[in-house]
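Read the structure below first, then the notes.
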Amino acid sequence: MPERIVTMPGSTDQFVLTERPALTLTDRYRPLPNGMDHTHLTVAPAHQVRTGDVVTAFFTDGPGIRRAEHVPEAFAAHPRPLGTCPEQCEECEDTNSRAAADRYVCLDPADDQADCIIVFRNTPVAIVPADTAARFPPLHSTPQLPDLFTLDDEETGPYEALPVPRGWSPFATISVTRAMAEKIAADVPSTRAGRHLSFRWLHDTLLISSDPRLRTDPGRPGRLIQPDADGRYRIGGLWRWEEWSVPSCPDCSTETEPVDVEGERAWRCTAPDCTRRTYGTGDPDDDDALPPYTETDEDGAQIVYHGSGEIDIEATAELAAQDGPDEDEQHAE
């Protein structure tokens, strides 16, 4: 990945600027507008960020080499003093209870989607200056970053939906495409939450019905969900939604990354000294069903692993014996 190293007046640290990661299940970063990239970035302390500057990243702790930590969604700064929150958000309340307000700066006030973004006054911030950003399309011109959801058993999904407001309830609806609605309709009946529900498509309308024996109003056929003007379906209220996130390693709590296991999605630990794999359901017993696999180490030896990532010592030793020199050939030599 291309990098730039820049400095900031008054600091001896070096700040490493990188391109924004591509959007994947594990890297949830909304792209910058067309043509805007890390070559247009500069670094400034938070208290020098001005209205209209586009904030794209913060940095790892110093001193020394400090690498960019991209924000999921770049935003145009609207700095204001701490304590002037228009939404009375939790972030402001927590910060006010910890220290003097003049030690912090709010870079962007709360709205119906997110809390205030509050940092120390001297925090280094990667920005595209407002006059530079004005030469590019506006931030909202890039595709909106979808929210990801699962059921409360966390075994299904993720389901992409339009971002939900900050006060959203897990029993409220989410807005999904037809393809995502079809996936939900196929998945839910096999889960605990949907064991008494059935799904049927009536042309463009989705009918969700409950077991007739459990209906409080036997005359009603079920819930009919029709597409809105944009062709999206608002589904919810019949089970609890959970926000989906990348599962952590059950052994060391490091973030995992997706891996294909015989046509199924599993997750493997990203720590260099950990080989743990998981289905990410939260139940370690489920990982016993992961298929075993074989890898070749740097010396060319084949190592057999249990599905969860532990070395199968017996199978590895047996494989090594099969690959060893023939005993008769050794005697002949």
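The values are calculated or read from the model by the stated rules, or taken from the named source; none is laboratory data. The structure displayed is predicted, hence computed values, not measured ones. In this analysis, Cβ positions are derived from the backbone assuming ideal geometry, glycine residues included, and neighbour counts consider all displayed protein chains. Just the protein is used for accessible areas: all its heavy atoms, side chains included, with ligands, DNA and RNA removed. Shrake-Rupley method; radii C 1.70, N 1.55, O 1.52, S 1.80 Å.
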In order over the range 288-302: 3J(HN,Hα) from phi, Karplus 6.51/-1.76/1.60, θ = phi - 60°, whole Hz, x for each Gly or Pro, gives 5, 8, 5, x, x, 8, 10, 10, 10, 7, 5, 8, x, 7, 8
Most mobile listed residue (Gly194, Gly300, Gly237) in the chain, GNM with C-alpha springs under 10 Å: Gly300
Residue-wise, which Karplus ³J(HN,Hα) couplings in Hz belong to the range 139-145, taking 6.51 cos²θ - 1.76 cosθ + 1.60, θ = phi - 60°, and x for glycine or proline? 4, 6, 6, 8, x, 5, 6
Orientation-averaged projected area, Cα convex hull of the chain (nm²): 27.1
Rg (one decimal) and Dmax (whole number) from the Cα set of the range 100-140, in Å, equal 13.1, 38
A correct Karplus calculation of ³J(HN,Hα) over the range 27-37, with 6.51 cos²θ - 1.76 cosθ + 1.60, θ = phi - 60°, whole Hz and x for Gly and Pro, returns 10, 9, 10, 6, x, 6, x, 3, x, 7, 8
Considering all projection directions equally, how large on average is the shadow of the alpha-carbon convex hull of the range 106-263, in square nanometres? 15.1
On the protein heavy atoms, probe 1.4 angstrom, tell me the percent of accessible surface of the chain carried by carbon and sulfur. 47
Determine the calculated [θ] at 222 nm for the chain from helices alone, applying -39500 (n - 2.57) to every DSSP H run no shorter than 4 residues and normalising by the residue count; nearest 500 deg cm²/dmol. -3000 deg cm²/dmol
Which value, in Å² and to the nearest 10, is the accessible area of Met36 when all protein chains are kept and the probe is 1.4 Å? 20
Expressed per residue, the solvent accessible area of the chain in Å² (1.4 Å probe) is about 58
At 1.4 Å probe size, with no ligands or nucleic acids counted, give the accessible surface of Arg66 in Å², nearest ten. 30
Given labels modelled 7 Å from the Cα in the Cβ direction, how far is it in nm from Leu202 to Glu257? 4.8
Rotationally averaged projected area of the range 1-91 (alpha carbon convex hull; nm²): 7.6
Let me know the Rg and Dmax you get for the range 162-213 when you use only its Cα atoms, in Å. 12.5, 37
Give the long-range amide H neighbours of Cys106: residues separated by 5 or more places, or on another chain, with amide H under 5 Å away, using H modelled in the peptide plane at 1.01 Å from N. Arg80, Leu82
Among Ala320, Ala44, Ala22, which one moves the most in a GNM of the chain with springs linking Cα atoms closer than 10 Å? Ala320
